[in-house]
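No lab work stands behind these numbers, since they all come straight from the coordinates. Since this is a predicted model, take the numbers as computed values, not measurements. When we count neighbours, we look across all protein chains shown, and the Cβ atoms used for this are built from the backbone with ideal geometry, even at glycine.
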Amino acid sequence: MVQAMTFPKDLLEQANYLARRERRKPKQASLRRAVSTAYYALFHLLIAEAVGNWKRTDQRTKLARTFEHGRMKQASIKTVKEEFSGQSAQTVMDLQKVADAFIRLQDFRHKADYDNTFTLTHTEALRQIALASDAFASWSAIRKERLRMTTSSPC
Amino acid sequence: MPMPSAVWRESDIDKAVQEAVREVAKKLAPDVQWIRYAKTLDSTGDRAIFFRVMLSDDASREARLAKVARRLESALSEELKLAELDLLLYYSYRSRSEQAMLKEPAWSKR
C-alpha cells in the first residue's frame with residue numbers, strides 16, 4: 001500500500017522533475033506526463049486527506065477507491081460558487097483556490113492525456129504544476145479549519 | 001446588484017469578457033502581450049471560457065511566470081465576477097519565442 005500522505009507530494013515532485021527533464025527541447029511525453037502527474041498529485045492529496053478522517057483505518061483504502069473524478073469536479077464547482085457567509089475570508093479564499101485548481105488541472109490533464117492535436121509548451125506545463133503547488137500550499141494552510149456550506153447542500 | 005446568471009445573454013457575456021480582457025491586457029502589459037478567448041464546453045461538458053494568454057519571454061521565465069499568471073487570473077476573475085456568469089474559466093499560456101517556433105494559427109496575432 002502506498003504511503004497516503006507522502007504519495008501526493010512524491011507525485012508533485014515527479015511532475016516538477018518531468019517538466020524540467022529536457023530543458024532545451026522538452027519532449028511532449030515529458031511535458032504531458034508532468035501535467036497529468038500534477039493533477040493526480042492534487043487528486044490523491046484530497047482523497048488522502050478525506051479518508052484520513054475515517055476512524056476505521058482498515059477501511060480507508062477501500063474508501064479511497066470510491067472517489068470519482070467527475071463527482072470531485074462537481075463538488076469543486078459547488079465550492080467555488082459557494083458564499084460561505086460570515087466565515088473566515090482567508091480560509092474561504094484558500095479553499096476556493098484548491099477547488100479552482102482541481103477543476104482546471106482536471107481539464108488540462110484530460111487534454112494532456114488524450115488530445116494530440118495541440119502542442120503543450122514548457123511555459124504551460126510549468127504553469128499547471130505551479131497551480132498544483134499553490135493548491136498544496138493553500139490546503140496545508142486550512143486543512144484543520146472548519147467551513148460550513150451556507151447556500152447549497154454539500155456533495 | 002449582482003445579475004443572476006440566468007439573466008445573462010450570450011451577447012452580454014461576450015461584451016463583459018471583451019471588456020475584461022481589454023482592461024487586464026492593458027494593465028499587465030508588457031508582460032501580457034495579448035489575450036484571446038473562446039467560449040465552449042470543457043472536457044466534461046461544462047460551459048467554460050478558455051483564455052489563451054501570450055506572454056513576453058521575460059514574463060514566462062520560471063522565476064516570474066507564476067506571479068504574472070496569478071495576477072492575470074485574479075484580475076480577470078475579478079473583472080468577470082465568475083459566480084454571476086456561471087462559467088468556468090481556464091487559462092493557457094505561451095511565450096513569444098515558443099509561438100515563434102511552433103507557429104500555431106490559434107496562437108497567431110490577428
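What is the projected area of the convex hull of the Cα atoms of region B:5-102, averaged over all directions, in nm²?
Result: a mean projected hull area of 6.6 nm².
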Going down the list A:LYS9/B:LYS39; A:LYS78/A:LYS144; A:LYS27/A:LYS81, which pairs span over 27 Å between their C-alpha atoms?
A:LYS9/B:LYS39; A:LYS27/A:LYS81
For region B:52-110, the Cα gyration tensor yields equivalent-ellipsoid semi-axes (√(5λ), largest first, whole Å) of 24, 16, 7
Just counting partner chain Cβ atoms within 10 Å, what average do the residues of peptide A:121-134 show around their Cβ?
6
Largest first and in whole Å, what are the equivalent-ellipsoid semi-axes of region A:6-142 based on the Cα gyration tensor, each being the root of 5 times an eigenvalue?
27, 18, 14
What ranking, highest mean first, results for peptides A:17-25, B:47-55, B:61-69 when packing means the other Cβ atoms within 10 Å averaged over each residue?
B:47-55, B:61-69, A:17-25
In whole Å, what is the distance between the alpha-carbon centres of region A:125-146 and region A:21-86?
11
Cα-based helix-to-principal-axis angle, A:89-114 vs chain A, degrees rounded to 10
40
Starting from the 7 Å offset along Cα-to-Cβ, what nm value, one decimal, do you get for the label separation of A:ARG148 and B:SER97?
5.5
Simple label model, 7 Å out from Cα along Cβ direction - B:GLU19 to A:ALA50, nm
3.8
Only residues of region B:92-107 count here: report those whose backbone N is under 20 Å from the spot 7 Å along Cα→Cβ of A:GLU22, or say none.
B:94-95, B:97-104
Report, by chain and number, residues whose modeled amide H sits under 5 Å from the one on B:TYR91, excluding near sequence neighbours (fewer than 5 apart, same chain).
B:PHE51
Would you calculate, for the protein assembly as shown, the mean residue ellipticity at 222 nm contributed by helices, counting each DSSP H stretch of 4 or more residues as -39,500 (n - 2.57) and dividing by all residues, to the nearest 500?
-19000 deg cm²/dmol
Relative contact order (%) - criterion: Cα under 8 Å, at least six apart; region: chain B:
30
Would you kindly give the portion of the calculated P(r) for the protein assembly as shown that falls above 35 Å, as a percent of all Cα pairs?
16
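Extension gain A:MET5-A:HIS110, at 0.36 nm per residue separation less the Cα-Cα distance, in nm?
So the chain would gain 35.3 nm between A:MET5 and A:HIS110.
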Low-density loop positions, trypsin sites (Lys or Arg not before Pro), region A:62-149 - DSSP coil, at most 10 other Cβ in 10 Å:
A:ARG65, A:LYS144, A:ARG146, A:ARG148
Once label points are set 7 Å from the Cα along Cα→Cβ at both A:LYS81 and A:ALA141, what is their separation, rounded to one decimal in nm?
2.6
Angle between the Cα long axis of helix B:62-80 and the longest principal axis of chain B, 0 to 90 degrees, nearest 10?
20
Between the Cα axis of helix B:10-28 and the main Cα principal axis of chain B, the angle (0 to 90°, nearest 10) is 30
